Structures are given as C-alpha cells and as structure tokens.
Amino acid sequence: MIRLLYSLLIVLMLVSLRLSATGSDSEKVLVDYKLLYTYSRDSLISLWKKKHIPRLVLPVRYAVDMYEITYRGLWLDSSYVLAKGVLYVPHAQKPMAEMTYCHGTRISLQQTYGVNDLEQIVCIMHAADGYIAMFPFYYGLGGGEKEHIYHDAKTEALSTIYMIKACRELLQQKNIKTTGQLFLTGYSQGGHASLATHKIIESHYPEMHLTASSPMSGAYDLAGVQAVVMDRHYDRPHYLPYIILSYQYAYKIWPGDVWEVFKPQYRDFLQKSFSQPRKIDYDRLDDLLPKIPCDMITDEVYNRYLYDTSFPFTSKLRENTLLDWAPKAPIQLCACYGDNEVLYQNTVVAYHSLRKNSDKVYMRLFGKNLAHNPCAPFAILKTKYFFDNFRKGKKHPERFSLPKNLLLSLAISIADKQEYKKRKRTGKVETNALAVRGAR
C-alpha cells in the first residue's frame, strides 16, 4: 500500500512539472485588468472618416471596450515574468472569433494605447467587425518585466501565447462566448512573431486550437535572405545592434563586454541609446548610425560572422529562422516586392520551405514599388479577408471574392504608381537589396 501511494505521488509530481513547463488550460496567468476606454460606434465611424478607411471595406458594426491586461508569462528558464497587453472586446451579443496581432519593431519603452498606436488600430478594425482582438506587448515592452529579446522566436511566441491564456480567463469571468476560432497575424517583427507563435502553439500548446495565421512581411530567414543587408546600404541599421544586444542579454553569446563588438566611435552612443529608460525613436537612431550595418562592428567580429560556421551569433540566427517545419493550420504569407526593410524573399523562401510539408500554405506577393510601410495596409486587408472567409465557413478560405480581388488590385495599382513617382522624384527607384546585387 505504501509503495502504491509512493508511486502515485511520483506520478503526480511528474504531471505537475510537465504542466509548469508547458502550460495547461487550468493554469491561471491573468494578474490584473483595467477597462481603459470604450469606443462608441459613432466615435469609430468618425475615426474611420479621419483615417480615410472605407466602411464598405472595413465595417463598423460594434462599439468596442479596450482593456489593459497584466499577466504572467513563461520566461526562458521556466520562471514567470509579468507582461502587458491590450484586449479589445466588441459589444456583440453572440460568440466571437479571437484574433491576435503581433506588433512590429519597438525600441522605446514608452506605452501608447488605442488609436494613439497605429498598429493597435488593426485590432480596433477587427473588433469593430466582431472579433475579440488581442495585442500583446513582447516581454520587456509595454511596462513588462525583463528586457525585450529582439527576433527571438521563443519569447515572442510565449508572450503571445500567455496573453491569449490571460484574455481567455477574463472572457470566461465576464461570460463572453467565443466561436472556438483563433487567428494569428502580425507585421514586420510581428510577422516573425506570429509565425513563431503558430509553430510553438502546434508543437507545445495544441489545446489552444489555432484556426489559421497570416504573417506579414516578416524576417523568417534571419540567417539567410535577411542577412544580406549586413554589408550594403540599408534603411534600418538599428536592427543589427538591437539583435546583437538582445541575444547577449538572453544567451550570453559573447564573453566579456558586449560593447566591444562595436567600433569605438559607436560604443558610447549605442550604450546610451539602448540602456533603460529607452526613449529614443528608431527613426532618429537610424539617422545617426552608418547606413551599412557591418560598418559599426569590428572587423574581427564581422570576419567571424562571415567565415566561422560555429560563431554563436550565426548559430542563434539559424535557431530563430522559421523554415523547415510542418504546419497543421493554414498559413497565408503576405509581402511586397518593393519592401526595403524586410526583403520579400523571406516570404518566398518560407513559402517554398513550408509548402513542402503542407498544402495549406499560401503566398500573396504584390506591390512592385511598395516599400515596407506603404505595403502594410494592403497586407492587413488581405489578412482580414482571409480570416473572414474562415469565420464565414467558406470551403476555400484562401480564395477571395471577385469584388474584393478587383478592389484590392485597383487600390494596390494606384498606390504602386504613386510610390514609383515618389521614388523617381527622390532618385530611389530601386529599394530591394537582393534585387540589386543578389544574395550572398
């Protein structure tokens, strides 16, 4: 009898350890929530007019409550950290689908909410049409604990997954019903984060029941396609020190002082810019850094990156590359040919890699002259149409209706011509680094 009880105790301990490492439906992670604001339907209609958003394309059906969420998320060492996010809940008297938007690159630690944050408007757009919309700040951002680890698949995914868990706790408390559909999307870094979340949900949290994802303009091939910007003119040189410092913080990949990775003339400036409290805007940072990213690191470090296959930094980039896995839920990958920041070839490589393992992976490339920011509104529309088709129970959700296809094609064509004229005036007709010189 004693031996039997001892065996049961061991089993219970193992189960407990398993749940603490991977999470479970019974795990409580919601720490606090606060209703920040209610957007009336009339105020949203006024906002749509101000932002020139056609209601025919993105309808305003509901008023929306905006909540600040504080939750516990799983950290790299399996401890918990406090994290933040924003939840948008429509005033709808019916079960609703859930969508999560993963945001793009942020350096500043200052918080913004609602219509004051351009990316959160994406969530408001979905919520106004009847989606429960979640906007997680990655660990270390938005008032959360720890430092943000830039382009780290695991922490991007865990911060998103535990935000979803926390929001579901709140929805249950308030007796708000869902349809059981869960969608993931995000732009730029958020494209990388949403694809990472898709992968980790399916491998470790299948009980979350992911319906589909639509990553947009993400750097999925960090060690390959995206790495070619290292030694050529690049509009966003701050990406390099951000990722170096992030990986050092999390994984200690350089022995000694990490600032010695950078040339002396950049060390003090970078240390001031990336130390807390970070208030510098990345546009300002990019203006003050060399336009060829490798010019800010020492020759010794750069040569190791080029020729040492065991170099820890290169190994970590490979580890955070999101290729060669087998997705179960459908994926739509969106990008623009003219993207000057996250090269569209990331999307091409990811599509062909994932398509080998699943016939539910789709690719939407468009906008020959649309750079990173002008591309976003059209990728967001394609994403919403993709999700809407699932919500409506369409047999082929990857197929858009003829009116929507025509409307999008016309709008993209007009924007593309405008961007081409703009570039011609400024002398920047070509923006994609790979299109100019080819991959290394």
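The values are calculated or read from the model by the stated rules, or taken from the named source; none is laboratory data. Nothing here was measured: the structure is a model prediction, and the numbers come from that model. Here the Cβ is made from the backbone with ideal geometry for all residues, glycine too, and neighbour counts use every protein chain on show.
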task = Restricting attention to the stretch 136-190, report how many residues are buried (at least 22 other Cβ atoms within 10 Å of the Cβ), in a helix (DSSP H, G or I) and of a type in the set (S, T, N, Q).
result = 4
inquiry  = Go through (1) touching a helix residue (DSSP H, G or I) at 6+ places or on another chain (Cβ under 9 Å); (2) in contact (Cβ under 8 Å) with a residue 60 or more places away in the chain for Pro241 and report which single condition fails.
reply    = (2)
key: Index of the failed condition, Asp324 passing every other in (1) at negative phi; (2) in contact with a helix residue (DSSP H, G or I) (Cβ under 9 Å, 6 or more places away or on another chain); (3) not hydroxyl-bearing (Ser, Thr, Tyr)   = (1)
remark   = Checked pairs for the stretch 130-145, first over 17 Å from Val29 (Cα atoms), second at pLDDT 95 or above and of a type in the set (Ser, Thr, Tyr), C-beta under 7 Å and 6 or more apart or across chains, list as Gly130/Tyr62; Ile132/Thr178; Ala133/Tyr88; Ala133/Tyr101
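Residue by residue, here is whether (1) within 30 Å of Ile149 (Cβ to Cβ); (2) in contact with a helix residue (DSSP H, G or I) (Cβ under 6 Å, 6 or more places away or on another chain); (3) loosely packed, with under 15 Cβ neighbours inside 10 Å; (4) hydroxyl-bearing (Ser, Thr, Tyr) holds:
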| residue | (1), (2), (3), (4) |
| --- | --- |
| Trp48 | no, no, no, no |
| His52 | no, no, yes, no |
| Leu58 | no, yes, no, no |
| Ile69 | yes, yes, no, no |
| Ala83 | yes, yes, no, no |
remark   = Leu195: passes all of (1) assigned to a helix (DSSP H, G or I); (2) surrounded by fewer than 19 Cβ atoms within 10 Å (Cβ to Cβ) but (2)
inquiry  = Just the residues that are in contact with a strand residue (DSSP E or B) (Cβ under 7 Å, 6 or more places away or on another chain) and of a type in the set (Val, Ile, Thr), please, taken from the stretch 181-239.
reply    = Thr185, Thr197, Thr211
inquiry  = Please determine whether any residue of the stretch 253-260 is of a type outside the set (Asp, Glu), part of a loop (DSSP other than H, G, I, E, B) and at pLDDT 95 or above.
reply    = no
inquiry  = Among the listed residues Leu240, Leu317, Leu306, Leu285, identify the single one that is crowded, with 17+ Cβ neighbours inside 10 Å, at pLDDT below 95 and part of a helix (DSSP H, G or I).
reply    = Leu285
message = For a quick check of your reading of the model, give me the residue pairs whose first member lies in the stretch 378-401 and is in contact (Cβ under 8 Å) with a residue 12 or more places away in the chain and of a type in the set (Lys, Arg), whose second is buried (at least 21 other Cβ atoms within 10 Å of the Cβ) and in a helix (DSSP H, G or I), with beta-carbon atoms closer than 7 Å and at least 6 apart or on different chains.
response = Lys384/His126
inquiry  = Quick test of your reading of the structure: Asn369 fulfils all but one of (1) part of a loop (DSSP other than H, G, I, E, B); (2) closer than 19 Å to Ala223 by Cα; (3) among the polar types (S, T, N, Q). Name the failing condition by number.
reply    = (2)
ask   = Is it the case that Lys360 is surrounded by fewer than 15 Cβ atoms within 10 Å (Cβ to Cβ), closer than 30 Å to Gly130 by Cα and within 23 Å of the chain's Cα centre (by Cα)?
value = no
query = Which condition number in (1) at pLDDT 95 or above; (2) not in a helix (DSSP H, G or I) is the one that Thr431 fails?
reply = (1)
Filter result (farther than 25 Å from Phe390 by Cβ and either not assigned by TED's automatic domain parsing to the domain that holds His209 or not in a loop (DSSP other than H, G, I, E, B) (or both)) within the stretch 325-355 = Gln345, Val349
ask   = Among the listed residues Ser43, Ser7, which satisfies the condition of being over 26 Å from the mean Cα position of the chain (by Cα) and at pLDDT 85 or above?
value = Ser43
query = Only one of (1) closer than 14 Å to Gly73 by Cα; (2) free of Cβ contacts under 8 Å to residues at least 40 places away in the same chain fails for Ser159. Which number is that?
reply = (2)
inquiry  = I'd like to check something: does the stretch 131-138 contain any residue that is modelled with pLDDT of 95 or more and among the hydroxyl-bearing types (Ser, Thr, Tyr)?
reply    = yes
task = Check whether at least one residue in the stretch 246-269 is surrounded by fewer than 15 Cβ atoms within 10 Å (Cβ to Cβ), within 22 Å of the chain's Cα centre (by Cα) and either aliphatic (A, V, I, L, M) or within 26 Å of Thr155 (Cβ to Cβ) (or both), and report yes or no.
result = no
